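The values are calculated or read from the model by the stated rules, or taken from the named source; none is laboratory data. Small disclaimer: the values here were computed from a predicted structure and weren't measured. We place every Cβ from the backbone using ideal geometry, glycine too, and count neighbours over all the protein chains shown. We work out accessible area using only protein heavy atoms, side chains counted, and drop any ligands, DNA or RNA first. Shrake-Rupley method; radii C 1.70, N 1.55, O 1.52, S 1.80 Å.
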Amino acid sequence: MRMLINVAETVVADALRGMAVAHPELTVDVENRVVVRRDAPVAGKVGLVSGGGSGHEPLHGGFVGPGMLSAACPGEVFTSPVPDQMVRAAAAVDSGAGVLFIVKNYTGDVLNFDMAAELAEDEGIRIAKVLVNDDVAVTDSLYTAGRRGTGATLFVEKIAGAAAEEGQPLERVEALARQVNENSRSFGVALSACSTPAKGSPTFDLPAGELELGVGIHGEPGRERRAMMTSREIADFSVNAVLDDMSPRNPVLLLVNGMGATPLLELYGFNAEVQRVLTERGVAVARTLVGNYVTSLDMAGASVTLCQVDEELLRLYDAPVRTPGLRWGA
Amino acid sequence: MLDADFFRRWMTATAASVAHEAERLTALDSPIGDADHGSNLHRGFTAVAAVLEKEAPDTPGAVLILAGRQLISTVGGASGPLYGTLLRRTGKALGDAAEVSEEQLTDALRAGVDAVMTLGGAAPGDKTMIDSLVPAVDALAESFTAARAAADEGALATTPLQARKGRASYLGERSIGHQDPGATSAALLIAALATAAEAPEATDV
């Protein structure tokens, strides 16, 4: 497997060094692995901190900036950051209005953010937490770690970010973030496994002519393997999997997300099929976002996320945002 | 009686063993996880060995608390908090005695394993590190050698289980047939305890 890297051990630090020079509007602390918007802390504004393993770019560092995250903590590839990073990020963005931790539901992320919340509160920082768990491919029961957090993370960070930017209080920003998560569902498919720098080869074996249905974003296999399907068939399967789990009454936000190695040509074609199924199922789409936003290194494939919105959530989604990975209206 | 030097040797032996087995741990993590268990633990225990070289706490409890804190600060993922908590809580249970008995170590390690179960919400049979740690603590009352054998057996016994915690749980039935990487690395930790007891000089590599 050929990768454009030096050595696996420095992949994250090297990327952060490059990010720092590309985005002078961010403060990138390469040594401590914290990405902060340069004007933080903003007086009176709730801080939004997220983070998780690296390899999902632009999530999360690419979503730092006005209208979205205040800071992000990138961990090692596919490994959650450590509490020290999160405490440092919280301290950097807290203006006294408190900090919301946005945590994807993976055991490592949950445990490290829990420990960080305790430590930050010891330092006098008010912390609230929201767990993102939108992936319908995982059975949500006592006998699993619960649903994974995937594409809905973008909607949670965007909408809560807009609310925080308006100066809304911590309790309100937290409630909105929770509402967005509860209104969101996702389903992903993989057409190839991804390769982590540490392993240097695909994380699972996917023969040509087959695909994995119901994958997450860490290169783990999904809930079943089938013979390769057309874009039309994959759209039917994915959207139905999502709609089997939610019945949107209002219009929805739609994210057609690439896993990292699927070209936009294919993603737009897939989006056409996704919109066709949604129309057939009577679901109105208010906004569509197509691109690689919550990725899994070089995995080929796509995921579909729907988020049911009301007027308030749609207004906050449309609010200006200025980050490396998402930018409009500003 | 076991002194601070014994516990330092335990940690050094674990670091050596994890370095030696990192690739195997990552290979085990590949079909059911995300192929980084070996590299993550290697990073953490290398940091533990380095900090113990620099600072030499003079009680068994302080050695384990320092090691645990170092793991939490360097590993990330689920392994960082879980292994960090295991060592910190074991260390806390040992108190500030300069030397502890094997019985005291057994009781303290049981407290550490209980803390891991509480934190991770896993019970025996969930296909996690608990499946090698619980039998190891039970066997530790007999001897270090018995604990090592029990931990190895516990790790092997995870193969036919369906994972109910951690990333492997997302695979449901597809997790069956793979040995759990966490139970395997926990067995390395217990084996290193036996190594520290049996061949004190050989562990300083």
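Give me the percent of DSSP beta bridges within chain A that run antiparallel, rounded to the nearest 5. Before the final figure, lay out the partial values.
Numbers: 29 of 53 bridges.
If I count the DSSP bridges inside chain A, around 55 percent turn out antiparallel.
For the stretch A:1-67 and the stretch B:18-90, compute the distance between their C-alpha centroids and round to whole Å.
Value for the Cα centre distance between the two parts: 25 Å.
In Å², and per residue, what accessible area does chain A have when probed at 1.4 Å with the other protein chains present? Display every interim value, and only then the final one.
Working: 12180 Å² over 330 residues.
Per residue, chain A has an accessible area of 37 Å².
Relative to the compact-globule scaling 2.2 N^0.38 Å, provide the ratio for the alpha-carbon radius of gyration of the stretch A:235-293. The partial results should precede the final answer.
Working: Rg = 11.3 Å, N = 59, 2.2 N^0.38 = 10.4 Å.
Normalised Rg, Cα atoms only: 1.09.
Using only alpha carbon pairs under 8 Å that are at least six residues apart, calculate the relative contact order of chain B and give it in whole percent. List each step's numbers first, then the result.
Numbers: 392 pairs, mean separation 47.9, N = 205.
Once normalised by length, the contact order is 23 percent.
Counting alpha carbon pairs within less than 8 Å and at least 6 residues apart, what relative contact order, in whole percent, applies to chain A? Could the numbers behind the result be given before it?
Working: 801 pairs, mean separation 60.2, N = 330.
Computed over chain A, the figure is 18 percent.
In nm, give the distance between the simple-model label positions of A:Asp244 and A:Glu123, each being 7 Å from the Cα along the Cα-to-Cβ direction.
Once both label points are built, they end up 4.5 nm from each other.
Would you be so kind as to list the residues of the stretch A:53-100 that have their accessible area lowered by at least 20 Å² in the full protein complex compared with their chain by itself (1.4 Å probe)?
Correct list: A:Glu76, A:Phe78, A:Thr79, A:Val82, A:Asp84.
Kindly compute the accessible surface that chains B and A hide from a 1.4 Å probe when together, both sides summed, and give it to the nearest 100 Å².
On the way: alone 8950 and 13360 Å², together 19860 Å².
That pair of chains buries around 2500 Å² in total.
I'd like the carbon and sulfur percentage of the solvent accessible area for the stretch A:156-286, probe radius 1.4 Å, heavy atoms only, ligands and nucleic acids excluded.
Its accessible area is 50 percent carbon and sulfur atoms.
For chain A, which span is the longest to avoid every loop-located (per DSSP) member of GluC sites (Glu not before Pro) having at most 16 other Cβ atoms inside 10 Å?
Numbers: sites that count: A:Glu25, A:Glu31, A:Glu123, A:Glu166.
The answer is A:167-330.
Among A:90-97, A:192-199, A:63-70, how do they line up from the highest to the lowest mean number of other beta-carbon atoms within 10 Å?
On the way: A:90-97: 20.5, A:192-199: 24.0, A:63-70: 27.5.
Packing proxy ranking, top to bottom: A:63-70, A:192-199, A:90-97.
So what does log10 I(q)/I(0) come out to for the stretch A:199-249 at q = 0.16, 0.25, 0.30 Å⁻¹, using the Debye formula with one equal point on every Cα and no solvent?
-0.57, -1.06, -1.23
In whole angstrom, how far apart do the alpha carbon centroids of the stretch A:218-272 and the stretch A:113-147 sit?
Computed from Cα coordinates, the inter-centre distance equals 26 Å.
Kindly provide the helix-only [θ] at 222 nm of chain A, computed as the sum of -39,500 (n - 2.57) over DSSP H runs of four or more divided by all residues, to the nearest 500 deg cm²/dmol?
Helices in chain A give a 222 nm mean residue ellipticity of -10000 deg cm²/dmol.
Just to confirm, what accessible area per residue do you get for the stretch B:1-122 at 1.4 Å probe, in whole Å²? Spell out each step's value before the answer.
On the way: 4580 Å² over 122 residues.
I get 38 Å² per residue for this part.
Would you list which lysines come within 28 Å of A:Lys104, measuring only between C-alpha atoms, while excluding same-chain residues fewer than 8 positions from it?
Partners within reach: A:Lys45, A:Lys129, A:Lys158, A:Lys199, B:Lys127, B:Lys165.
Taking only Cα atoms and a 10 Å spring cutoff, compute GNM fluctuations for chain B and point out the largest among B:Thr118, B:Thr195, B:Thr128.
B:Thr118
For B:Lys54, which lysines qualify as cross-link partners when the Cα separation must be under 29 Å and same-chain residues fewer than eight apart are set aside?
B:Lys92
In nm, to one decimal, how far is the modelled label at B:Ala146 from the one at A:Ser141, with both set 7 Å along Cα→Cβ?
3.8
May I ask you to list the trypsin sites (Lys or Arg not before Pro) in the stretch A:14-85 that are in a DSSP loop and have at most 13 other Cβ atoms within 10 Å of their Cβ?
On the way: sites: A:Arg17, A:Arg33, A:Arg37, A:Arg38, A:Lys45; in loops: A:Arg33, A:Arg38, A:Lys45.
Those satisfying the criteria are A:Arg38.
When all protein chains stay in place, what accessible area (Å², nearest 10, 1.4 Å probe) is found for B:Met1?
Approximately 150 Å² for this residue.
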